[in-house]
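Asker: Take a look at the following structure, please.
Each value in this text was obtained by applying a stated rule to the coordinates, not by laboratory testing. Quantities reported herein were computed from a predicted structural model and do not represent experimental measurements. FYI the Cβ positions are ideal-geometry reconstructions off the backbone, even for glycines, and counts take in every protein chain you see.
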Amino acid sequence: MEIQNNEMEKLYAETFHSIEEGNIMKGKVIAIRQDGVIVDIGYKSEGFIPIDEFSEDEMVTLKPGSDIEVYVENIEDAEGIVALSKERATRIKVWDILEKAYKEGKPVEGKITGKTKGGFSVDISRVNAFLPGSQVDIKPVKDIDNLIGKKLQFKVIKLNNKLSNVIVSRRAILEDELQKKKAETLKKLEEGKIMKGVVKNVTDYGIFVDLGGIDGLLHISDISWGRINHPSEFFSVGDEIEVLILKYEKENEKVTLGYKQKKPDPWLLVDEKYPVNKRVSGKVVSITDYGAFIELEEGLEGLVHISEIDWLPRPKHPSKYLSVGETVEAVVLKVDKEERRLSLSIKQIKPSPWQLVAQRYSPGQKVTGKVKTITDFGVFVGLPEGIDALIHISDLSWTKHVKHPSEILRKGQKIEAIILNMEPESEKMALSLKHLKPDPWLKEIPEKFKLGSEMKGKILNITDFGIFVELEDGVEGLVYSSEIVKPSGESENALKPGDEINVRIIKVDCEERKIGLSMRNLKRLEA
């Protein structure tokens, strides 16, 4: 028994001498308490690590029997417990790793934990490092807050163990990666080769594509065989696209790209594929004040001029007929291969309204329409077929002296009229309002208004050459200036429109459709 006790004392003595303050040792967890973790390090007394040295994630996996590396802070305190630190053991190991990474230029992993003055704080296995704002990225970072909490690779660019000063750079890592990508890309670059890239920037004159560490320019003129207003119609930043290497200048690493060149130029065979009068189908891609552009195939567009959208003589704005994205049918009017122009017509898919008019109407037929325009010389009437026919001012009335068509008709008024004549080939049609009734000058007026007859009339208008007077049934006559009898008395008794006067018929000219009147030698006055 004495021998055994001696051996045990000897064993403890050997272990005691191997455990010194400041050493890092391996231990085994034997218990987990609320205030800390009990660790066996092979010493006669147990070791103790405060609970706050463990993260929540570590506490999830920690259990009795787990192996752990610890730093010996104090050998046996007053209670006979060895004070240990897991955090200091970790920090010392991390410093070794950081020193090696610093010397060899190797990356280390860390998590950005927050913003500080001039940069960010980075946690590298419980060692706090500083990331300057200038070392975050190669280009300015728009969403800085989005970086917090991310685990990333960093390069140690400054290290001072005594001051616990660690400065890291993410930019250096990105630059190294970029140089590696660039070296690989330069090996592959070759004129005529198709390569994948990512749209890096969109400008008015083209887009810049990242081919992998080196940028190429895709000019706006090389994006599409068809019409293009801005590169953003085709591409957005971040798009992955395939491009053709048009030109590569090794001395300045300038790369010119092509996109449309991946496919044959559709204009080369346009005259064969789209001959005049061919009926085609396409999608409306753009609408302007002067017409609409129709895409017949990728890179090939034709223009439907505003005059070729509708048969109306004054068509509305193209947007009233068409919408972008709509599929329409059209007819090829003209092909100019050299100028890369294709003229289309939508209206010629349908019959001309004048063709319909020629089929449906004939002179002498009654038609119904609305007054669309009133001019000094007549009235334009819109017919259901979409054409405008003219009623000349002379065809408004058989008997009235019409100074302006607005005296008889108003805009928007629905009327009936008789077709006088038609010229569909010249797109002309003449109507008459007065021909709805028989010509009263042929029989009715000569019989009713005889020479020498006296009657009452209402003054319509007074002119230098006479007074126009309305007789019975709306028939008008003219009192010649030489036949006017002015009332006696003051000027306030002078004749004026609306006054009733007695007149005598002194002339009836049926050919000229005129009745001459006189205010002299009236029998009624004599009587």
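Asker: 7 Å from Cα along Cα→Cβ at both residue 153 and residue 109: what's the point-to-point distance in nm?
Answerer: Each label point is offset 7 Å from its Cα along the Cβ direction, giving 1.2 nm.
Asker: While we're on this one: How far is the Cα center of region 277-293 from the Cα center of region 362-398, in Å?
Answerer: With region 277-293 and region 362-398 each reduced to a Cα centre, they are spaced 34 Å.
Asker: Given a Förster radius of 51 Å and the C-beta distance between residue 20 and residue 251 as r, what FRET efficiency does 1/(1 + (r/R0)^6) yield to the nearest 0.05? Show your work: numbers first, answer last.
Answerer: Details: r = 65 Å, r/R0 = 1.27.
With a Förster radius of 51 Å, E is 0.20.
Asker: Would you mind counting up the charge near residue 518? Only other residues with Cβ under 11 Å from its Cβ, with Lys and Arg at +1 and Asp and Glu at -1.
Answerer: Details: positive: 504, 507, 520; negative: 454, 483.
Neighbour charge sum, excluding residue 518 itself: +1.
Asker: What does the charge count near residue 233 come to, summing +1 for each Lys or Arg and -1 for each Asp or Glu among other residues with Cβ under 15 Å from its Cβ? List each step's numbers first, then the result.
Answerer: Working: positive: 227, 260, 283; negative: 204, 222, 239, 295, 298, 301.
Spelling it out: positives minus negatives among the neighbours equals -3.
Asker: State the extension gain, in nm to one decimal, for the chain segment bounded by residue 500 and residue 421, taking 0.36 nm per residue of separation less the distance between their alpha-carbons.
Answerer: Details: separation 79, 0.36 × 79 = 28.44 nm, distance 4.03 nm.
Working it through step by step, the gained length comes to 24.4 nm.
Asker: Could you work out the relative contact order of region 189-262, using alpha carbon pairs under 8 angstrom and six or more residues apart, expressed as a whole percent?
Answerer: Result for region 189-262 is 37 percent.
Asker: If you average the C-alpha positions of region 20-73 and of region 122-149 separately, how far apart do those two centres end up, in angstrom?
Answerer: 32 Å
Asker: For region 444-526, what is the convex hull (Cα atoms) projected area averaged across all directions, in square nanometres?
Answerer: 5.6 nm²
Asker: A follow-up question, please. Between residue 285 and residue 58, 0.36 nm times their residue separation minus their Cα-Cα distance comes to what?
Answerer: 75.7 nm
Asker: Exceeding 29 Å between C-alpha atoms, which entries from my cross-link table qualify? They are 155/187; 434/507; 437/514; 320/403; 117/182.
Answerer: 320/403; 117/182
Asker: In degrees from 0 to 90, rounded to the nearest 10, what is the angle of the helix 171-188 Cα long axis to the longest principal axis of the chain?
Answerer: 70 degrees
Asker: Right, here's the next one. Based on the alpha-carbon gyration tensor of the chain and its eigenvalue square roots a ≥ b ≥ c, which shape applies: rounded if a/c is under 1.5, prolate if not and a/b is larger than b/c, or oblate? Please list the in-between numbers first.
Answerer: Working: a/c = 5.53, a/b = 3.29, b/c = 1.68.
Verdict is prolate for the chain.
Asker: If you don't mind, there's one more thing I want to ask. Compute the Cα gyration tensor for region 27-107, then decide on rounded, prolate or oblate, letting a ≥ b ≥ c be the square roots of its eigenvalues: rounded whenever a/c is under 1.5, prolate when a/b is larger than b/c in the other cases, and oblate in all that remain.
Answerer: prolate
Asker: Could you sort 129-139, 38-48 so that the peptide with the highest average Cβ count within 10 Å comes first and the rest follow in order?
Answerer: Result, highest mean Cβ count within 10 Å first: 38-48, 129-139.
Asker: Further question on the same structure: Could you work out how much longer the chain between residue 428 and residue 40 gets when fully extended? Use 0.36 nm per residue separation minus the Cα distance between them, nm to one decimal.
Answerer: The residue 428-residue 40 span can extend by a further 128.4 nm.
Asker: Let me ask another. Which angle from 0 to 90°, rounded to the nearest 10, does the C-alpha axis of helix 86-104 make with the longest principal axis of the chain?
Answerer: Helix 86-104 and the main axis of the chain meet at about 70 degrees.
Asker: Now a separate question. Show that you can apply the helix-only estimate: for the chain, add -39,500 (n - 2.57) for every DSSP H stretch of four or more residues, divide by all residues, and state [θ] at 222 nm to the nearest 500.
Answerer: Helix-only estimate at 222 nm: -4500 deg cm²/dmol.
Asker: I would also like to ask the following. Can you tell me the FRET efficiency between residue 200 and residue 297 if r is taken as the Cβ-Cβ distance and R0 is 30 Å, rounded to the nearest 0.05?
Answerer: Once rounded, the FRET efficiency stands at 0.50.
Asker: Right, another one. Can you spot the lysines whose alpha carbon is less than 21 Å from residue 278's alpha carbon? Ignore those fewer than 8 places along the same chain.
Answerer: Straight-distance partners of residue 278: 334, 337, 347, 350.
Asker: Cα-based Rg of region 207-273 per 2.2 N^0.38 Å, rounded to two decimals?
Answerer: Rg over 2.2 N^0.38 Å, computed on Cα atoms: 1.25.
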